Amino acid sequence: MSSLQAIRDALEQSPDNVSLLLLFGRASMELLHLEDARDAFERVLALDPDHTDAQLGVARVLFMEGDASGAAVRAERVLLQEPDNASAHLLLSRVYLSENDRSKAIEHFDRAAQIDGTMSDPALERELGRTARDARRTSPAPSTPEPPASSGDSLEDGESSQEFYDDPFDEPPYDWRPETFFTPGDPNRFETTFADVGGMDELKEEIRLKIIYPLQYPDLYKAYGRRAGGGILIYGPPGCGKTLVLRAVAGEVPCNYLSVGLHEIFDPYFGSTERNLHQIFETARANAPCVLVFDDLDSLAQDRRNVRESQLRNLVNQFLHEMDGLRENQRVLVIGATNQPWSLDPAFRRPGRFDQAIFVQPPDAAARAQIITLLAKDKPISNLNVDALVEATAGFSGADMGWVFDRAAELALSAAIHTGQPVPITMELLLNVALSHTPSTQSWFEGVRDHAQQVSPDGFFNEVRKFLNAPSSKER
């Protein structure tokens, strides 16, 4: 899986990065690489023995390996530190259920639901015969009794009065919110706007036309026969501002904004990943008008011809189904961002899905000048020559340019420490660092050349081809 390899590569550069280790452990567990997952969680515990997320990670691995008692010991250790840890209670519920202790399983399940109202484990709920909402009704807070079953409903002997559904995805949505959900006027909403994104004026206007204006002027778009909603794909080399642009969209649009991380979707239990994705789309529909954002789309929408794991193929099928469902609700805009558009299943590019594509190219000369000015702010730089640095950074991504300034600052700082005297960041130093650096975008364009015709003969990469063939372009 491409995202797992990317995390592995990042860990080689930063082996003690706790966030990366946790992310690697969860991704490995989802792919059933249990030994790798446990190693990652144990490395976190070696750095911080009291890290509850890592302890729970080891507990989940043990449970998946069949060691229910070991998993219980780890989960109970977490509860000694954090008695109200809903995830630990939820895991213990599953452990006790595996040992046929339903009363204990229900006790911990109910406790988890009362602690965290957004908690959901559809597979466990079906096995227990109750939902998180049922559990919350058992709390001391007063609750409204459920209405009696209609006269047309007949229940077999021994069945509860709970509603049952042939398709678990037809169950009513839970009151669930992802980690990044903003309503208009939310004080925690990203303050980034297009004004904070250097250059890319043409791209900004294209996003306004395809994303922002349809929400602001729906009647006008309807009069012109244009559809508000649907899918937008943003693709391009890493480090060129896709994530920044997505954050800026949140600061620009006058509607709900929902951004989803991979860890909120992937789940080691069979069928739960698809259910999580369905719940995300249900939340977006229930809160329309809404912008729904998926970064690292290639991890969720891989070409099924290249996928061996049935769970990943099922996830792609579910994603396609959800995108088709948006045709009935034209007030949800789905934005997907990817560094590897050639890895996407071609079905996602069909009309009504991600049929609108925006190429985020490396910053042009004007954009690089703006970025250089921003990066140079509040740094001890002597005789900054923006034009010379613009020329030296042709083809660089924004991340590449940030690295140039960071590396030059490190070298100047090292000299200052050894001499005992302040040493400014000189233009010569900046130029030498820039000229010694190979743009990270270079390998991306090589990938496009290798894949564009094979994967997308339909013109999907036309904007990239235009960029590469432009006589005046030096961004190679």
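The values are calculated or read from the model by the stated rules, or taken from the named source; none is laboratory data. All values derive from a computational prediction rather than experimental measurement. Note that each Cβ is placed from the backbone with ideal geometry, even for glycine, and that neighbours are counted across all protein chains shown.
Would you check if there is a residue in the stretch 361-381 being closer than 15 Å to ILE232 by Cβ and crowded, with 22+ Cβ neighbours inside 10 Å? Checked against the condition, which is being closer than 15 Å to ILE232 by Cβ and crowded, with 22+ Cβ neighbours inside 10 Å, the stretch 361-381 yields no hits at all.
If you go through the stretch 346-357 and pick out every residue that is at pLDDT 85 or above and surrounded by 20 or more Cβ atoms within 10 Å (Cβ to Cβ), you end up with 1. When THR283 is tested against the conditions (1) surrounded by fewer than 20 Cβ atoms within 10 Å (Cβ to Cβ); (2) in a helix (DSSP H, G or I), the lone failure is (1).
Matching residues to (1) more than 29 Å from PRO122 (Cβ to Cβ); (2) assigned by TED's automatic domain parsing to the domain that holds ALA337; (3) free of Cβ contacts under 8 Å to residues at least 12 places away in the same chain; (4) not hydroxyl-bearing (Ser, Thr, Tyr):
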{"position": "LYS222", "(1), (2), (3), (4)": "yes, yes, yes, yes"}
{"position": "GLY225", "(1), (2), (3), (4)": "yes, yes, yes, yes"}
{"position": "GLY230", "(1), (2), (3), (4)": "no, yes, no, yes"}
{"position": "ILE234", "(1), (2), (3), (4)": "yes, yes, no, yes"}
{"position": "CYS240", "(1), (2), (3), (4)": "yes, yes, no, yes"}
{"position": "LEU246", "(1), (2), (3), (4)": "no, yes, no, yes"}
{"position": "ASN256", "(1), (2), (3), (4)": "no, yes, no, yes"}
{"position": "SER259", "(1), (2), (3), (4)": "no, yes, no, no"}
{"position": "GLU264", "(1), (2), (3), (4)": "no, yes, no, yes"}
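Give the residues of the stretch 65-110 that are under 19 Å from GLU125 (Cβ atoms) and surrounded by fewer than 18 Cβ atoms within 10 Å (Cβ to Cβ), sorted by residue number. Hits for the stretch 65-110 are SER98, GLU99, ASN100, ASP101, ARG102, SER103, LYS104, GLU107. Going through (1) buried (at least 20 other Cβ atoms within 10 Å of the Cβ); (2) outside any strand (DSSP E or B) one by one, VAL334 falls short only on (2).
Checking the structure you have, find out if any residue of the stretch 65-80 is acidic (Asp, Glu), within 21 Å of the chain's Cα centre (by Cα) and part of a helix (DSSP H, G or I). No: the stretch 65-80 contains no residue that is acidic (Asp, Glu), within 21 Å of the chain's Cα centre (by Cα) and part of a helix (DSSP H, G or I). Under the condition of being β-branched (Val, Ile, Thr), modelled with pLDDT of 85 or more and part of a helix (DSSP H, G or I), the residues counted in the stretch 432-476 number 2.
Filtering the stretch 400-441 to residues that are under 23 Å from LEU468 (Cβ atoms) and buried (at least 16 other Cβ atoms within 10 Å of the Cβ) leaves ASP400, MET401, ALA434, HIS437, PRO439, SER440, THR441.
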